[in-house]
Amino acid sequence: MNHLGSIHACAIATVGEFSAGILLCKSFDISLYRLIMKKIEVEYFSQARLDITSKSTISLGDIDALKLLVQKESSAEIKLKTNISDISGKSIACVETLWQVKNWSKVRYS
């Protein structure tokens with residue numbers, strides 16, 4: 001909770017990032033692909049005073065296209081949108097995350 005008695009803004013942002021990241025982990029074999037968030041943007045609509053839920057979506061077509069692009073280019077980016085609501089259904093925030101998907105064999109270690 002923050003000083004206003006609602007869920008802290010950064011905690012809400014983290015829920016959005018986590019939801020999108022889990023969705024990508026379910027869509028890509030993490031032993032083959034490195035998933036890394038490059039950017040996050042959050043638009044807040046209301047304070048969250050109740051428990052919150054998140055929903056991230058990606059189409060099977062987008063997953064297939066991204067996998068093909070990664071094979072061709074060695075890495076690709078995708079933007080995911082996560083909607084955050086409280087348990088009453090009130091819209092709390094929209095979190096947009098930009099992810100890089102890269103084949104582990106193309107990752108350079110310094």
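The values are calculated or read from the model by the stated rules, or taken from the named source; none is laboratory data. Model, not experiment: these values are computed from the prediction. Virtual Cβ from ideal backbone geometry, glycine too; neighbours counted across all protein chains shown.
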Check: Consider L35 against the criteria (1) surrounded by fewer than 15 Cβ atoms within 10 Å (Cβ to Cβ); (2) among the aliphatic types (A, V, I, L, M); (3) under 30 Å from Y109 (Cβ atoms): it satisfies all of them except one. Which criterion is unmet?
Finding: (1)
Item checked: Yes/no for S85 being surrounded by 15 or more Cβ atoms within 10 Å (Cβ to Cβ), over 13 Å from A20 (Cβ atoms) and at pLDDT 95 or above -> yes
Note to self: Can you report the number of residues in the range 56-66 which are under 16 Å from L98 (Cα atoms) and among the charged types (D, E, K, R)?
What the structure shows: 1
Check: Within the range 52-61, is there a residue that is surrounded by 15 or more Cβ atoms within 10 Å (Cβ to Cβ) and touching a Lys or Arg at 6+ places or on another chain (Cβ under 9 Å)?
Finding: yes
Next item on the list: Output the number of residues of the range 79-110 satisfying the condition of being out of contact with any Lys or Arg (no Cβ under 8 Å at 6 or more places or on another chain), over 20 Å from L24 (Cβ atoms) and not β-branched (V, I, T).
Entry: 7
Next item on the list: Sort out which residues of the range 12-27 are exposed (fewer than 13 other Cβ atoms within 10 Å of the Cβ) and either touching a Gly at 6+ places or on another chain (Cβ under 9 Å) or within 14 Å of S54 (Cα to Cα) (or both), and write them in order of number.
Entry: I22
Notebook entry, point to check: Among strands (runs of 3 or more DSSP E) lying entirely in the chain, which contain 3 or more residues that are in contact with a helix residue (DSSP H, G or I) (Cβ under 7 Å, 6 or more places away or on another chain) and free of Cβ contacts under 8 Å to residues at least 60 places away in the same chain?
Noted result: 33-44, 52-56, 75-86
